[in-house]
Amino acid sequence: MRTSSSRHGRGRGRRTALNAMAAVAVMATGTALLTGCGSDGDSGKGKADGAAGGEQITLRIGTFGSFGYDNATGAKLYAEYEKTHPHIKIEESNVADGQKYWDTLKLRLSRDSGLADIQALEVGYIAEATGPAMADKWTDLGKTGGADLGAFLDWKVKQATTGDGKVIGLGTDIGPMAICYNKDLFAQAGLPTERTEVAKLWAGDWAKFIEAGETYKKKAPAGTAFHDSASGLFNAVISSQPVQYASTKGELDYENSPGVKKAWDTAVAAARGELTGKLRQFDEKGTWNAAFKNAKFATVACPSWMTGIIKDQAGPENQGKWDIAAPPVAGNWGGSFLAVPKSGKHAKEAAELAAWLTAPAQHAKVFGVNGNIPSTKSTLTSAAVQDAKLPYFGDTPVGKIYSEAAAGITPAPISRWDGQVKTFLTDNGILDIEQRGTDPAKAWENVRKLVEDKIDQ
């Protein structure tokens with residue numbers, strides 16, 4: 001979900017043969033950005049064993065995007081946990097916009113007030129969460145809750161580890177990249193429609209992706225664009241680069257980053273070449289969502305969690321029209337963690353719940369419903385993931401495509417400011433070029449000034 005709003009893919013439901021993935025719900029399922037309080041106001045410390053007569057407690061979870069845990073459209077993990085822990089009730093507060101979520105979470109962390117018992121953290125903000133200003137705000141989940149850290153991808157654990165060795169977050173999903181494309185629109189534009197042939201159009205180089213867009217544009221069906229969003233393209237390209245916003249030392253250095261330059265230049269070329277639908281992903285007005293349903297663009301950068309969004313927004317009338325091809329360059333866009341604020345009244349119980357939600361068995365259930373690619377090693381290599389298909393995408397071997405993409409992920413160094421700088425570059429830079437015709441040099445200068453004004457390095 002994560003993320004742009006940070007977005008993620010996550011999964012649900014236990015199945016013997018996982019052959020379907022369900023949608024990532026982008027719309028908020030709650031009205032608050034975060035829960036209003038960390039626990040029941042009239043309850044004391046709950047006991048770990050409900051059968052032993054522990055007091056009834058409520059554990060609140062603050063999330064963004066869709067984590068696939070809920071009882072309505074998710075894997076019903078909350079109901080499962082409550083059944084085996086009858087003294088615990090779980091409530092989730094969820095919003096779509098990851099940046100707003102993070103801004104609110106930072107404020108509440110600074111006050112040690114208004115926090116949920118478990119807070120989701122997006123990878124773009126994990127370096128800030130583990131940094132000196134926040135590291136002591138979190139429970140060490142390497143020591144509390146019983147999580148098996150060895151079950152996770154090593155780099156996922158490393159991302160959530162503080163300078164003094166505390167693990168403040170347990171990995172939920174990762175975001176291996178692909179390109180999703182509308183086969184009908186490709187056929188009408190004279191482009192190949194078979195996924196291996198489509199992948200050859202741009203294999204190895206994002207510049208070839210732009211070239212494919214130029215070819216599409218020559219015979220494009222009226223009222224359609226090659227790609228949905230220049231900002232989305234920026235995020236896809238940067239996700240594939242070994243150097244992104246930070247130096248190898250983890251210090252913000254976006255102005256000198258070859259990865260940022262590559263992503264910026266590619267996105268600007270798409271915007272100025274009129275290859276995009278000039279859409280803002282996850283916009284609150286629903287314009288981007290409607291464009292899926294009305295087949296207004298032929299491609300979208302497609303981390304694993306995007307497949308659910310396509311299914312939800314394109315709707316049943318477009319089933320079988322979308323397919324998935326390998327991206328120009330492998331990358332990882334998105335991925336999150338569950339963290340437990342130290343100030344919560346029920347930190348021990350929250351840590352135990354976080355460990356359970358992120359264990360391999362639960363990752364498999366979430367993947368089966370939501371399609372989120374898990375960050376636990378055994379789940380990632382399991383037949384459940386490897387053999388998975390998504391009926392909405394026909395016979396596309398979704399699990400194999402994304403698990404192979406995941407194997408090629410080498411995470412770039414991250415700084416504490418990556419998430420915020422990304423937002424400035426996309427929402428205040430690329431989007432201005434795309435929608436308002438702002439000169440790229442002027443847009444870049446506007447971004448630079450925002451970073452200077454808003455970020456205290």
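The values are calculated or read from the model by the stated rules, or taken from the named source; none is laboratory data. What you are looking at is a predicted structure, and each value in this text was computed from that prediction instead of being measured. As a convention, Cβ positions derive from the backbone with ideal geometry for all residues, glycine included, and neighbour counts pool all protein chains shown. Heads up: the accessible areas ignore ligands, DNA and RNA and are worked out on the full protein's heavy atoms, side chains in. Shrake-Rupley method; radii C 1.70, N 1.55, O 1.52, S 1.80 Å.
A few remarks follow.
- Annotation: THR396 fulfils all but one of (1) open to solvent by less than 10 Å² (accessible area, probe 1.4 Å); (2) β-branched (Val, Ile, Thr); (3) assigned to a loop (DSSP other than H, G, I, E, B); (4) out of contact with any strand residue (DSSP E or B) (no Cβ under 7 Å at 6 or more places or on another chain); the unmet one is (4).
- Applying a threshold of 6 Å to beta carbon distances and a minimum spacing of six or more residues, or different chains, the list of pairs starting in the range 355-371 at a residue that is closer than 17 Å to THR307 by Cα and ending at one that is of a type in the set (Asp, Glu) is empty.
- ALA75 vs. criteria buried (at least 24 other Cβ atoms within 10 Å of the Cβ) and modelled with pLDDT of 50 or more: yes
- Pairs meeting the criteria (first residue in the range 204-226 and open to solvent by 30 Å² or more (accessible area, probe 1.4 Å), second residue of a type in the set (Asp, Glu) and at pLDDT 95 or above, beta carbons under 8 Å, at least 6 apart or on different chains) are LYS217/GLU274.
- Every condition in (1) buried (at least 22 other Cβ atoms within 10 Å of the Cβ); (2) modelled with pLDDT of 95 or more is met by PRO176 except one, and the failing one is (2).
- When the range 253-283 is filtered for residues that are open to solvent by less than 30 Å² (accessible area, probe 1.4 Å) and of a type in the set (A, V, I, L, M), the ones remaining, listed by number, are VAL260, ALA263, ALA267, VAL268, ALA270, ALA271, LEU275, LEU279.
- Checking each residue in the range 59-72 for being out of contact with any strand residue (DSSP E or B) (no Cβ under 8 Å at 6 or more places or on another chain) and either open to solvent by 40 Å² or more (accessible area, probe 1.4 Å) or assigned to a strand (DSSP E or B) (or both) picks out ASN71, ALA72.
- Cβ-Cβ under 9 Å pairs, at least 6 apart or on other chains, the range 125-146 side more than 17 Å from SER110 (Cα to Cα) and open to solvent by less than 10 Å² (accessible area, probe 1.4 Å), far side part of a loop (DSSP other than H, G, I, E, B) and not β-branched (Val, Ile, Thr): LEU141/ALA147; LEU141/ALA160; LEU141/LYS166; LEU141/GLY169
- Subset tally (residues that are in a helix (DSSP H, G or I) and within 21 Å of ALA263 (Cα to Cα)) for the range 218-242: 10
- Among the residues of the range 414-428, the one identified as at pLDDT 90 or above and open to solvent by 40 Å² or more (accessible area, probe 1.4 Å) is ASN428.
- Within the range 382-393, being of a type in the set (Gly, Ala, Ser) and either within 19 Å of ASN182 (Cβ to Cβ) or not in a loop (DSSP other than H, G, I, E, B) (or both) holds for ALA383, ALA384.
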